[in-house]
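Asks: Please see the structure below; I have some questions.
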Amino acid sequence: MFPQEIAPPIDRLRGLLLPNASLRSLKLDCRRLNESSIDYLLQPGLLELSLRNCFKFSGRLFSEVGARCKHLRSLYVSSIADNRGHLHDVCDLEELLRGCTQLEELILMFDVSIFRRPDFARVWTLASTKLTYLQIGYITQLMVTELLTPTTSPHHQPNHNINIPPPIFPNIHKLSLSVDYISNTMINIISSTLIHLTHLDLRDQPIVEPGLTFDLTDEGLQLLDKHGRLKHLSLIRSQEFNPTFFRRVTDQGILFMADRCTSIEAICLAGFCQVTDTGFKTLLHACKNLYKLKVFNGTRMTDLVFHDMYATSLALTLVSLRCCNLLTNSAVLQLALNTDLNVLDFRDSRNIGDKAVESISKLPKLKTLLLDGTDVSDVGLSYLNKGENSSLVKLSIRGCKRLTCRCISSLFNNGSNRGLRELDLSNLPDLTNAGVLLLVKNRIPLVDLRMRQCPLIGDMAVMALASMTMADGDRWHGSSLRSLDIYNCGGISKLAFQWLKRPYFPGLRWLGVAAAMNHELVESLGLNRPFLHLMTRGEELGTDKWDNLDDIYMHDYEEVDELEQWIFQQDDVDVDDVEDENEV
């Protein structure tokens with residue numbers, strides 16, 4: 001298994017991926033590879049295959065996987081042919097499904113409409129009956145309907161003398177789809193056809209406001225969970241293209257859903273602008289097994305939803321209430337009664353302030369706290385200073401306008417929060433180099449540090465981070481940072497780029513910086529660090545367009561493994577050779 005932060009070229013792989021009947025798992029970032037590498041990648045003994053960023057591959061990759069990897073149990077492919085812009089033969093998909101009869105997980109993170117439609121539904125009848133998890137990056141609701149309709153052909157005339165074939169996906173437990181529109185029709189066919197479904201994740205991104213036929217209504221929610229097995233439900237209306245909402249869903253629809261989905265353990269609702277406290281409160285009281293709650297754009301949700309949390313038997317561990325601007329500190333005080341909480345997300349809920357953080361600070365198991373765009377001040381952050389008792393691993397205070405440079409001392413004085421690994425200080429207009437110097441002085445072993453759009457952060461901050469060593473005697477400069485985002489920081493100049501080169505920041509895999517300031521400097525840095533992901537157009541670090549940015553995730557902060565060390569040692573040798581030639 002290769003570190004997925006690294007995109008190795010084919011010349012690094014040839015010596016490692018020799019024919020090997022014992023190779024069982026392979027995970028690669030393929031942005032530097034093309035179809036000429038197929039012979040090295042597809043080993044016959046593979047059980048798990050994950051290929052990210054397959055921009056330079058065509059649909060032929062699927063037919064080759066089907067022909068060569070007969071025992072595959074899990075397949076992940078993302079961004080295939082994203083740069084091609086033309087349709088592909090569905091025969092490639094057919095060969096994959098025909099050949100990989102043992103598949104249990106299939107994740108296709110790309111737009112499957114690149115396959116020609118007429119035969120798309122037909123080839124899925126070949127899918128492994130062992131398939132329990134299917135995820136598709138983008139598919140139209142029409143294709144979903146055709147795919148799950150239990151008929152021999154979408155154009156076949158009804159005939160009672162013809163035996164209808166058994167439904168495809170007889171054992172699907174988890175289904176995750178991003179579609180153009182979530183509609184009642186699609187909910188109905190999913191709920192009716194997939195009788196073992198326990199996890200349903202649907203996301204749409206309408207370009208225009210959908211009409212009644214293509215939209216979700218109260219009646220659609222009543223069609224959910226016909227077989228009573230649903231545990232995890234996510235219904236998201238993305239506003240990526242247009243500020244649209246589920247305007248036809250009201251409290252009545254939520255009441256229908258709560259009545260049907262009593263076994264729900266995790267729920268995510270985004271874009272339900274007509275749902276009020278009545279609907280949300282019903283969910284909390286009816287779903288007694290609920291431990292994860294996510295609500296985005298809950299424009300009519302108020303503190304009253306959580307007023308009598310003590311009357312429920314809930315043991316919430318994750319709560320995300322984003323862009324819920326009617327919520328205040330009072331709601332958080334009630335939520336904090338759930339002492340098992342380990343993830344809290346109040347991003348862009350602008351009335352959450354210091355009193356909320358004071359109650360949050362008493363949670364003994366809290367690991368992730370996201371407070372972007374809230375009303376928190378330096379005083380509020382000081383409540384998180386709990387000395388060695390702090391459990392925080394990830395903290396984001398991006399865009400909290402009341403914070404000053406003193407927020408760093410509020411967090412880290414007296415040896416507090418030394419377990420913090422991810423810190424987002426982006427878009428803080430008063431954050432200065434002095435704050436970063438304090439981070440360095442306290443030797444906080446951060447893995448991910450983000451300071452984008454901070455006008456007062458400059459070269460000195462980069463130099464200080466590059467010079468930092470750990471208290472355990474780590475001889476490497478640049479500490480343990482693997483991601484550093486200084487995109488559009490006001491004081492970054494040519495000097496900072498010298499400190500971003502090796503040997504500084506030896507573990508750095510992702511760097512956000514503005515290319516507009518000097519294209520030559522950025523190109524030079526890319527040559528110096530060929531395995532560094534340089535994000536120069538304001539992209540978020542560590543993601544691609546198919547990643548779910550709303551997911552809350554934790555990283556395993558393991559040391560660099562032997563394989564990763566070998567790759568970078570080889571890279572060091574090559575660069576040293578180039579430098580020697582230049583000197584000659």
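Asks: Go through segment 339-352 residue by residue and tally those that are within 19 Å of HIS307 (Cβ to Cβ) and surrounded by 21 or more Cβ atoms within 10 Å (Cβ to Cβ).
Replies: Count: 5.
Asks: Starting from segment 114-136, keep only residues that are assigned to a strand (DSSP E or B), then list their pairs with residues that are open to solvent by 50 Å² or more (accessible area, probe 1.4 Å) whose Cβ atoms are within a distance under 6 Å, requiring at least 6 positions of separation or different chains.
Replies: What qualifies is TYR133/GLU105; TYR133/LYS174.
Asks: Next question, about the same structure. Among the residues of segment 337-385, what is the count of those that are of a type in the set (Gly, Ala, Ser), in a loop (DSSP other than H, G, I, E, B) and within 17 Å of LEU420 (Cα to Cα)?
Replies: 1
Asks: Within segment 218-230, is there a residue that is in a strand (DSSP E or B), in contact with a Gly (Cβ under 9 Å, 6 or more places away or on another chain) and crowded, with 22+ Cβ neighbours inside 10 Å?
Replies: No, that holds for no residue.
Asks: If I ask for residues that are open to solvent by 30 Å² or more (accessible area, probe 1.4 Å) and more than 22 Å from ASP430 (Cβ to Cβ), which ones from segment 482-505 would you list?
Replies: ARG482, LYS494, LEU495, GLN498, TRP499, LYS501, ARG502, PRO503, TYR504 - these are the residues of segment 482-505 that are open to solvent by 30 Å² or more (accessible area, probe 1.4 Å) and more than 22 Å from ASP430 (Cβ to Cβ).
Asks: A further question follows. For residues in segment 7-17 being charged (D, E, K, R) and in contact (Cβ under 8 Å) with a residue 24 or more places away in the chain, which is surrounded by the fewest Cβ atoms within 10 Å (Cβ to Cβ)?
Replies: Ranking the qualifying residues of segment 7-17, first place goes to ARG14.
Asks: Do we find that LEU51 is modelled with pLDDT of 90 or more and open to solvent by less than 20 Å² (accessible area, probe 1.4 Å) in this structure?
Replies: Answer is yes for this residue.
Asks: Continuing with the same structure: Any residue in segment 56-74 that is at pLDDT below 90, open to solvent by less than 10 Å² (accessible area, probe 1.4 Å) and within 28 Å of the chain's Cα centre (by Cα)?
Replies: yes
Asks: Another one. Considering only segment 18-41, state which residues are assigned to a loop (DSSP other than H, G, I, E, B), open to solvent by 10 Å² or more (accessible area, probe 1.4 Å) and not charged (D, E, K, R).
Replies: The answer is LEU18, PRO19, ASN20, ALA21, SER22, LEU23, ASN34.
Asks: Now for a separate question. Quick one: which of LEU304, LEU318 is open to solvent by 10 Å² or more (accessible area, probe 1.4 Å) and within 29 Å of ASP378 (Cβ to Cβ)?
Replies: LEU318
Asks: Pick from segment 413-466 the residues that are at positive phi and part of a loop (DSSP other than H, G, I, E, B): which of them is least open to solvent (accessible area, probe 1.4 Å)?
Replies: Applying the filter and picking the extreme gives ASN417.
Asks: Any residue at all in segment 506-517 that's over 24 Å from PRO8 (Cα atoms) and open to solvent by less than 50 Å² (accessible area, probe 1.4 Å)?
Replies: Yes, segment 506-517 contains a residue that is over 24 Å from PRO8 (Cα atoms) and open to solvent by less than 50 Å² (accessible area, probe 1.4 Å).
Asks: Right, something else. Of the numbered conditions (1) within 20 Å of GLU358 (Cβ to Cβ); (2) among the basic types (Lys, Arg); (3) touching a residue at least 60 places away in the same chain (Cβ under 8 Å), ARG402 fails exactly one; give the number of that condition.
Replies: Exception for ARG402: condition (3).
The values are calculated or read from the model by the stated rules, or taken from the named source; none is laboratory data. The structure presented is a predicted model; accordingly, all values stated were derived computationally and were not measured. Counting neighbours? That spans all protein chains shown, and the Cβs are built from the backbone with ideal geometry, glycine included. These area figures cover heavy atoms from the full protein model, side chains too; ligands, DNA and RNA do not enter into them. Shrake-Rupley method; radii C 1.70, N 1.55, O 1.52, S 1.80 Å.
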